[in-house]
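One structure is given here, and the rest of the page talks about it.
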Amino acid sequence: MLLHLTWEFVDTSEEGIRRNLALFSQWEPPAGFEFKGFSGFADGSGGVAIAEAESAGALARATSPFVPWLRFSTTPILPVEESAAIAGEAVGYRDSIGG
């Protein structure tokens with residue numbers, strides 16, 4: 001499953017930042033989780049990533065080490081061709097129901 005992840009820092013103390021960076025410098029993505037794009041916001045408030053996860057468990061393994069310092073928001077995403085086709089199917093379904 002392709003995912004859009006954002007995060008914001010919730011512990012912005014010097015010690016929190018130091019600990020988060022130390023942990024991140026040693027971290028490896030878990031099996032079943034792969035970054036496709038990974039960027040921090042220029043204002044330092046958080047960041048955004050596109051990632052692929054084989055399961056909700058893989059996503060949880062990727063994010064859970066950082067929950068003391070980061071608040072995550074995760075949304076499954078589709079290629080625009082697929083999301084547009086699904087939207088067309090939904091319109092067709094709604095049109096098929098009288099009312």
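No value in this document is a laboratory result; all are computed from the given coordinates. Here the structure is a predicted model, which is why all the values come from computation and not from measurement. With ideal geometry, Cβ positions are generated from the backbone for all residues, glycine too; neighbour counts draw on all protein chains shown.
Where the centre of each part is set by its Cα atoms, how far does segment 64-99 sit from segment 1-32, in angstrom? Going from one Cα centre to the other spans 25 Å. Ordering 77-84, 45-52 by mean Cβ neighbour count within 10 Å, with the highest value first, yields 45-52, 77-84. Under a Gaussian network description of the chain, with springs only between Cα atoms under 10 Å, the residue in Ala87, Ala58, Ala22 that fluctuates furthest is Ala87.
Using Cα atoms only, what is the angle between the long axis of helix 80-96 and the major principal axis of the chain, expressed in degrees (0 to 90) to the nearest 10? For 80-96 against the chain, the angle is about 40 degrees. For the chain, the mean projected area of the C-alpha convex hull, equal to one quarter of the hull surface, is 8.8 nm². Projecting the Cα atoms of Ala90, Trp69, Pro79 onto the charge dipole of segment 29-91, computed from C-beta unit charges around the Cα centre, puts Trp69 farthest toward the positive end.
In this calculation the C-beta distance from Ile50 to Tyr93 is compared with R0 = 22 Å, giving a FRET efficiency of 0.15.
Fully extending the segment from Asp11 to Phe38 would add 7.7 nm, taking 0.36 nm per residue of separation and subtracting the current Cα-Cα distance.
Against the chain, whose longest principal axis comes from its Cα atoms, helix 14-26 is set at around 70 degrees. Under a model in which nothing but the beta-carbon of Lys, Arg (+1) and Asp, Glu (-1) is charged, the chain shows a dipole of about 220 debye around its Cα centre.
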